[in-house]
1. Give the residue that is farthest from the chain's Cα centre (by Cα), with candidates limited to residues of the range 587-645 that are in a loop (DSSP other than H, G, I, E, B) and among the β-branched types (V, I, T).
2. Would you say S357 is within 18 Å of the chain's Cα centre (by Cα) and buried (at least 17 other Cβ atoms within 10 Å of the Cβ)?
3. If the requirement is being crowded, with 16+ Cβ neighbours inside 10 Å, outside the structural domain of K722 (by TED's automatic domain parsing) and not hydrophobic (A, V, I, L, M, F, W, C), which of these qualifies: Y638, Y694?
4. Return the total of residues in the range 147-165 being surrounded by 12 or more Cβ atoms within 10 Å (Cβ to Cβ), free of Cβ contacts under 8 Å to residues at least 24 places away in the same chain and assigned to a helix (DSSP H, G or I).
5. Kindly list, by first and then second residue, each pair from a residue in the range 578-603 that is within 22 Å of Y626 (Cα to Cα) to a residue that is assigned to a helix (DSSP H, G or I) and at pLDDT below 90, limited to pairs with Cβ atoms under 6 Å and residues at least 6 apart or on different chains.
6. Select from the range 519-545 the residues that are small (G, A, S) and modelled with pLDDT of 90 or more and write down the one among them that is farthest from G234 (Cα to Cα).
7. So which residues in the range 683-739 are among the β-branched types (V, I, T), within 19 Å of S653 (Cα to Cα) and in contact with a helix residue (DSSP H, G or I) (Cβ under 8 Å, 6 or more places away or on another chain), if there are any at all?
8. From E92, E123, which residue is loosely packed, with under 14 Cβ neighbours inside 10 Å, part of a helix (DSSP H, G or I) and of a type outside the set (S, T, Y)?
Amino acid sequence: MKYASIIISISHSDIDRIFHYKIPENLKDKISLGTRVIVPFGKGNKSIEGYVVGFSEVADVDEKYIKPILNVCEDYSLISERRIELAMWMREKYYTTLSSCIQCIIPKVVKDKKFALVTLEDEVDENEVAKILKKDTKIKRILEFILECKVIPSSHLKFLFGESSYGINTLVKKGICKVVYEKIYRGSIDKNENFTKEKPTLNEEQKKACDFIFSQMESEKKKPILINGVTGSGKTEVYIRVIEKVIEKGQAAIVLVPEISLTAQTVDRFVSRFGSKVSFTHSKLSDGERFDQWLRARNGDISVMIGARSAIFTPFENLGVIIIDEEHESTYKSDQLSPKYDAREVAEKLASLYGCSVILGSATPSINSYFKAQKGEYELCVLKNRVNNLFPSIEIIDMRQELANRNFSIFSRKLKNEIEENIKNGEQTILFLNKRGYSSFVSCRECGYVMVCDNCDVSYTYHKGINSLSCHYCGKQVAVPNICPKCKSKYIKYFGTGTEKVEQEVIKAFPEARVLRMDVDTTQRKGSHQKIYEEFKVGNADILIGTQMIAKGLDFENVTLVGVLAADISLHFGDYRASEVTYQLISQVCGRAGRGKKQGRALVQTYSPDEYSLKYAQKNDYEGFYEEEILFRQNMVYPPFTNIFVIVLSSSSEWFVKDVSQKLMMILRHYNKDNIFGLLGPCACAISKINNKYRWQIIIKCEDEVKLRKYSLYCVEKLKGKIDLKDISFQLSLNPNFI
């Protein structure tokens, strides 16, 4: 081909198009589809990266204006043809630039890490060796060591002999030794892991599930398969059997988990069966570690990749199955960066490109997924029984009665007694509270003033460990006041409870107990998830306290008691999915109890004991909950009966963002003459100010997703043509996690 079609690596809508470049003769054999190249760009011919996404015999401009490609970055393609097609689909689906999508799919490329090894040359001059061995020198001792070991890392030689590179270089110059470099994969799993574990025997439900899935995987028109399996029903073993089948065919598998905290446990299970064929990736790895695991997958060195959301882009070209565990979790949808992709939607697109299967599993499927299964868009597979046939008993504790009986502790009397009993019996307890920090806010009892972040319209959270107030949105920290900043009274007090405070209260109430805490604050360091998980797994702690990262997937045989300290937190967070999220959280965290040979029990503390999501969770009745919730969604015209597009406008000027929001609403109404779209707003966001930016939003509803997206984007572009964009930004989201 004469010209390469290139996307420039700049994520700006004005540059989101194909640019044609000449392919120089000296680079013709090095350039292929997906190659990362260096090209001159703009009037100043600045050298910049680009990606080859196609070839052409003709260009869209006069040949005299077409510039040549300067160089290639790697001797291989970074992105395959099918992945380029995926990127183009993502551009349309998530209304962003092709460059952003490509950069999302490929990792940050870093230099290889190589290990220098010293060994003997293939042909050695024996006379030269004899000369060196006659003299008692340091070089002689180095040579003797190399002759004995045959191969040794150069760093070891330098350490053992207190030598720089001089001695090694001397032996290399004399033609006796040579230095070879071996590629090291950063972040790899130890290949010496024992993976001869015996396969557990499948029960009848698991066998039927496997047979059903295998038959679906062989069909020409593959639908996504939803496994609705109660906690402890053995879904992971079903996943493993599916992957065994896939590997037998010479194919590869991607396994997604919603939390980094689950990666360690999942990796353990899969390594025990597949050994060094398994690798993992997540955001806590360094750029080098993530790139090396990506490269191992590309080179075919591994067959199973486990990880959080971004693992969906693992470059397996022989992809056989994508498994999404705990598919109901909101973490599979990116709401922060562009493109704001949903890993579940990307998985379905990859399945259509590669002809592979998608398996979604959960004890508490999302309403949307279960709705699709009911409509026949997904195949449904149900596991109704636990492998050990021991369902935990779930009791709802009415905290209003505790208050009436003058119990002001965060623990109900029943929960406190049960924890004491567990400690005596040498059994473990999990305490769940979906709120980190020591207290929710700091307030003055005299005048009611609440300490609020100057940058954001949210109250500070008190963290006792660092003795400061922190904003969980912008990260700002301030000192704890001794007097009220408003009325100067001394009656400044902490209100509410977070996991840090729970930890202090547990230590006070149960001084003999060994306690661990897992939340965002305790898992910031690399490897911290793994360390906490291992400590609790081997029995080095009696009580594990945590947020939602401990609510799903974790499997500890000695945990017989789960305490939910405040079920009301998720019940009242002001979103139409509040009941769904509450049902899922309570069911999942209670499901951590009794997964071994002992009966489990769970106590759920709440001030709203009659809430239907709690009652269905208590009975472990997902179908009953779904029927009630889907009726509510239908009556209120919420997803899955419609789609929601949210436009958030932000500015440093409150009056300006309000004015622009109203102008946008006028445009939306003008182009909605047939009332196809439901319009709500404009109004201030629930968090009306973040990082000194005032935020207003407009919500648009429509059953047809494509029409909704096109209409919303068209109106935003119309607005942009009428206003100065210097102090206004737009955040566009289709069916975001929270409204």
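1. Of the residues in the range 587-645, the ones in a loop (DSSP other than H, G, I, E, B) are 591-600, 607-611, 620-621, 637-642.
Now narrow it down to the ones that are among the β-branched types (V, I, T): 637, 642.
On the way: V637: 30, T642: 26 Å.
Ranking the qualifying residues of the range 587-645, first place goes to V637.
2. Numbers: within 18 Å of the chain's Cα centre (by Cα): no; buried (at least 17 other Cβ atoms within 10 Å of the Cβ): yes.
For S357, the condition - within 18 Å of the chain's Cα centre (by Cα) and buried (at least 17 other Cβ atoms within 10 Å of the Cβ) - is not met.
3. Numbers: Y694 fails: outside the structural domain of K722 (by TED's automatic domain parsing).
Y638 is the lone residue from the list that is crowded, with 16+ Cβ neighbours inside 10 Å, outside the structural domain of K722 (by TED's automatic domain parsing) and not hydrophobic (A, V, I, L, M, F, W, C).
4. Just the residues of the range 147-165 that are surrounded by 12 or more Cβ atoms within 10 Å (Cβ to Cβ), to begin with: 147, 149, 152-158, 160-161, 163, 165.
Filter again for free of Cβ contacts under 8 Å to residues at least 24 places away in the same chain, leaving 149, 156, 158, 160-161, 165.
Still in the list and also assigned to a helix (DSSP H, G or I): 149, 156, 158, 160-161.
Residues flagged as surrounded by 12 or more Cβ atoms within 10 Å (Cβ to Cβ), free of Cβ contacts under 8 Å to residues at least 24 places away in the same chain and assigned to a helix (DSSP H, G or I) within the range 147-165 amount to 5.
5. A578/L571; V581/S570; T582/S570; T582/L571; L585/S570
6. Within the range 519-545, the subset small (G, A, S) is 527-528, 539, 541.
Subsequent filtering for residues that are modelled with pLDDT of 90 or more retains 539, 541.
Values: G539: 23, A541: 26 Å.
The extreme case among them is A541.
7. Looking only at the range 683-739, we keep the residues that are among the β-branched types (V, I, T), and these are 687, 690, 698-700, 706, 716, 723, 728, 739.
Applying the additional criterion that residues be within 19 Å of S653 (Cα to Cα) yields 687, 690, 698, 723, 728.
Scanning the range 683-739 gives I698, I723, I728.
8. Details: E123 fails: part of a helix (DSSP H, G or I).
Testing whether each residue is loosely packed, with under 14 Cβ neighbours inside 10 Å, part of a helix (DSSP H, G or I) and of a type outside the set (S, T, Y) leaves just E92.
The values are calculated or read from the model by the stated rules, or taken from the named source; none is laboratory data. Just so you know, these numbers come straight off a predicted model, no measurement behind them. A quick note on method: Cβ atoms are made from the backbone with ideal geometry, for glycine too, and the neighbour counts reach across all protein chains shown.
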